[in-house]
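Take a look at the structure set out below.
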Amino acid sequence: MIFRNDFDSKVCEVENYFSFLEKVEYEYVFLFKKGEEKPFIINDELFKILKANGFLILYNLIESTILNTVVAIFDEIKQQNLSYRDISEKIRLYWSKHKYKYDETITEKRLFQRFHQIVNQIIDNIPIEIIDRIEYGGSLDAEKIRRVSNDLGIDFSTKHYYKEDKHGKCLQKIKEYRNSLVHGKKSFSEIGRDITYNELDDVLGLEDYKKFTIEHLTHFLNSVEEYIESEKYKI
């Protein structure tokens, strides 16, 4: 499936970047420009920035994976020309919430128009689709992914592998670090300061963040593929 190919491609990007960080961690700190003898040195301050950037790359992998799978589900619904009457109760609710998108700044007139469009689409048996971009606003972690799965009716069982102090903690911290960087609450140097590549004194390292993130998302994708193949989005 297309979303699996996109995931694999982004995982390769993550692996390449983290492989570079690992080399710098083990003192591969000189960069040479072709034809010049004087090296550029990756100092400690720059390395902190590079490590912190790893959290942005991981969060990008998380959000793109969830977004692409939700889009893929509704693409299947659209391709099969399914209307509101054909889809499961959970998909109906998910679609309705997305179409409604409450906004306290919206006018009463616009709110009525939006409601009217939803009702007409249901009554007229128009095929269901999501046109507007789905956004998660930096909210994705293991708990949020579980809620998205439940909302769509995806059977995402984590009992056989999931550990809250590993998968849960990693995704939670990635979300927090990402939001701190995006909103300027912390600098790259501050976040990268106490992070090592490998685990140190029971403190998770970047390799752990990468490993547990990819493992969790891989299991999620497996669940989504089974969901689509079994057409569980239908009533």
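The values are calculated or read from the model by the stated rules, or taken from the named source; none is laboratory data. Not measured: the values here are computed from a predicted model. Here the Cβ is made from the backbone with ideal geometry for all residues, glycine too, and neighbour counts use every protein chain on show. With ligands, DNA and RNA removed, areas are computed over all heavy atoms of the protein, side chains included. Shrake-Rupley method; radii C 1.70, N 1.55, O 1.52, S 1.80 Å.
Cβ-Cβ distance below 8 Å, separation of 6 or more or different chains: which pairs start in region 188-209 with a residue that is buried (at least 17 other Cβ atoms within 10 Å of the Cβ) and end on one that is part of a helix (DSSP H, G or I) and of a type in the set (Ser, Thr, Tyr)?
Close Cβ pairs (under 8 Å, with a partner that is part of a helix (DSSP H, G or I) and of a type in the set (Ser, Thr, Tyr)) amount to Ile191/Tyr177; Ile191/Ser180.
Does Phe212 satisfy the criteria of being closer than 26 Å to Phe47 by Cβ and either in contact with a helix residue (DSSP H, G or I) (Cβ under 9 Å, 6 or more places away or on another chain) or surrounded by fewer than 16 Cβ atoms within 10 Å (Cβ to Cβ) (or both)?
Yes.
What residue, among those in region 124-142 that are among the charged types (D, E, K, R) and under 12 Å from the mean Cα position of the chain (by Cα), is modelled with the lowest pLDDT?
Residues of region 124-142 among the charged types (D, E, K, R): 124, 129, 132-133, 135, 141.
Applying the additional criterion that residues be under 12 Å from the mean Cα position of the chain (by Cα) yields 135, 141.
Details: Glu135: 79, Asp141: 96.
Once the filter is applied, the top-ranked residue is Glu135.
Only residues that are touching a residue at least 40 places away in the same chain (Cβ under 8 Å) and on the phi > 0 side of the Ramachandran plot: list them for region 133-170, please.
Passing the criteria: Gly138, Gly153.
Of the residues that make up region 44-65, is at least one open to solvent by 20 Å² or more (accessible area, probe 1.4 Å), at negative phi and assigned to a loop (DSSP other than H, G, I, E, B)?
no
Here are some conditions: (1) in contact with a Ser or Thr (Cβ under 9 Å, 6 or more places away or on another chain); (2) within 16 Å of Asp141 (Cα to Cα); (3) among the charged types (D, E, K, R); (4) open to solvent by 50 Å² or more (accessible area, probe 1.4 Å). Glu164 meets all but one. Which one does it not meet?
Glu164 satisfies all of (1) in contact with a Ser or Thr (Cβ under 9 Å, 6 or more places away or on another chain); (2) within 16 Å of Asp141 (Cα to Cα); (3) among the charged types (D, E, K, R); (4) open to solvent by 50 Å² or more (accessible area, probe 1.4 Å) except (1).
Note down all Cβ pairs under 8 Å where the first residue falls in region 21-36 and is surrounded by 13 or more Cβ atoms within 10 Å (Cβ to Cβ), the second is in a strand (DSSP E or B), and they're at least six residues apart or on different chains.
Short answer, once both residue conditions are applied: Val29/Ile41.
Could we say that Ile195 is part of a loop (DSSP other than H, G, I, E, B) and of a type in the set (A, V, I, L, M, F, W, C) here?
Here the answer is yes, as Ile195 does meet what is asked.
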